[in-house]
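Here is the structure we will look at, set down as structure tokens.
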């Protein structure tokens, strides 16, 4: 069986060069699980939620301007410490620099036969429950600079509609994942996690739903700055659930709004159809000396996969993700009032409201299947749109990649 040598890294925090220096030269793909910090200029500080003492451009600007080039294809999702306006300009994903690809708020790609799907940001109960369709815009205030990276209902719906995924990337963990690994070791390393574990607050309830629904072979996360591994056997019942699932507030994000009234109870989920594989979960630390911030694994690629990416060096769009973006974004526009009546609290407990979108996605997939394989090859069309010496008030810079994607696949452009 063919394999793909993949390096997984936890939180980047602008230390790209040091991360590239640390991974083996045999690495074919690098996956970064958030807090990437694609800062183009000091103006991007206005869209970065970190205390002033932590503000620094980091290495990214050199890759953005072309002074350096990523030595290995790099794919990442956003976290809670990002250049949020730049990532909004690439809502559906795109190259933030040559050879460095952002999956978008939600996105899916194929590389050498491996299907990779992910979504950006973190779960916050106040935003998810009370601002599920909010689109934050510049200039950000002290509230919107946080809520801009909080995960919202439309992207939860998009993730839920995916199928047959090898790898899922997220910034925060699925809630309850500690029950499938060495919990005692984890709490010894991070004793202040104990209360969150006890209350069922260590991670995201949205990611818990997705983990047990999508059942990927691998799930990679960052955020909590610790290495943790677990194996989820989907053919066994879930461990006894913990009540009062809520948001976790850690590190520099501790000021995010949260409400005890937003707690959720999750019923034990019984296994349905037999699944041939477990999900291997891996979370990693941020870059730093004596930190477990990356791991290299050989990911098996099935020999009988017929996807055109198998024999290519190029990155391909996942047709499912395109179809899902078409359906959800058009539905949100054409049926705005109905769409906004979906209760975020209700679908967190029960996803039946999502079922009506499944046949709509299937129809769009049929249309996409009429296109030739080359239509889904992701063009290497990165351009320096925002000048690296931009000063003053931050503004949006319409991105050529987003314009091309939306025009080609008939998807509404971002509302910025």
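For this structure, a couple of remarks:
- Judged by the ratio a/c of the largest to the smallest principal axis of the C-alpha gyration tensor, segment 272-416 counts as rounded, that ratio being less than 1.5.
- The chain shape via C-alpha gyration tensor axes, a/c threshold 1.5: rounded
- Rounded to 5, the percent of DSSP beta bridges in the chain classed as antiparallel: 55 percent
- Modelled FRET efficiency - R0 25 Å, residue 142 with residue 396, Cβ distances, 0.05 increments: 0.80
- If R0 is 60 Å, the Cβ-Cβ spacing of residue 337 and residue 70 corresponds to a FRET efficiency of close to 0.85.
- The chain - mean residue ellipticity at 222 nm from DSSP helices (-39,500 (n - 2.57) per run, n ≥ 4, rounded to 500): -7000 deg cm²/dmol
- Sequence-separation-based contact order of the chain, relative, with Cα cut under 8 Å and 6+ spacing, percent: 22 percent
- Of the peptides 349-358, 54-63, 124-133, the order by per-residue mean of other Cβ atoms within 10 Å, starting with the highest, comes out as 124-133, 54-63, 349-358.
- With the simple spin-label model, which puts each label point 7 Å out from Cα in the Cβ direction, the residue 358 to residue 276 separation comes to 2.1 nm.
- Global geometry of segment 1-73, whether rounded, prolate or oblate, following the gyration tensor of its Cα atoms and the 1.5 cut on a/c: prolate
- On full extension, the segment bounded by residue 380 and residue 349 gains 7.1 nm, given 0.36 nm per residue less the C-alpha separation.
- Inter-part distance, segment 30-86 to segment 328-350, computed on C-alpha centroids, equals 32 Å.
- Taking other Cβ atoms within 10 Å as a rough exposure proxy, 291, 40 sort from fewest to most as 291, 40.
- Placing a label point 7 Å from the Cα of residue 54 along the Cα-to-Cβ line, the residues of segment 198-224 whose backbone N sits under 20 Å from it are 202-204, 221-224.
- Going from the residue with the fewest nearby Cβ atoms within 10 Å to the one with the most, 35, 372 rank 372, 35.
- Cβ-based exposure ranking for 277, 110, 307, in which fewest neighbours within 10 Å come first: 277, 307, 110
Each reported figure results from applying straightforward, stated rules to the coordinates on display, with no laboratory input. As the structure is a prediction and not an experimental result, all values here were calculated from the model. Methodologically, a virtual Cβ is constructed for each residue, glycine included, from the backbone with ideal geometry; neighbour enumeration extends over all protein chains shown.
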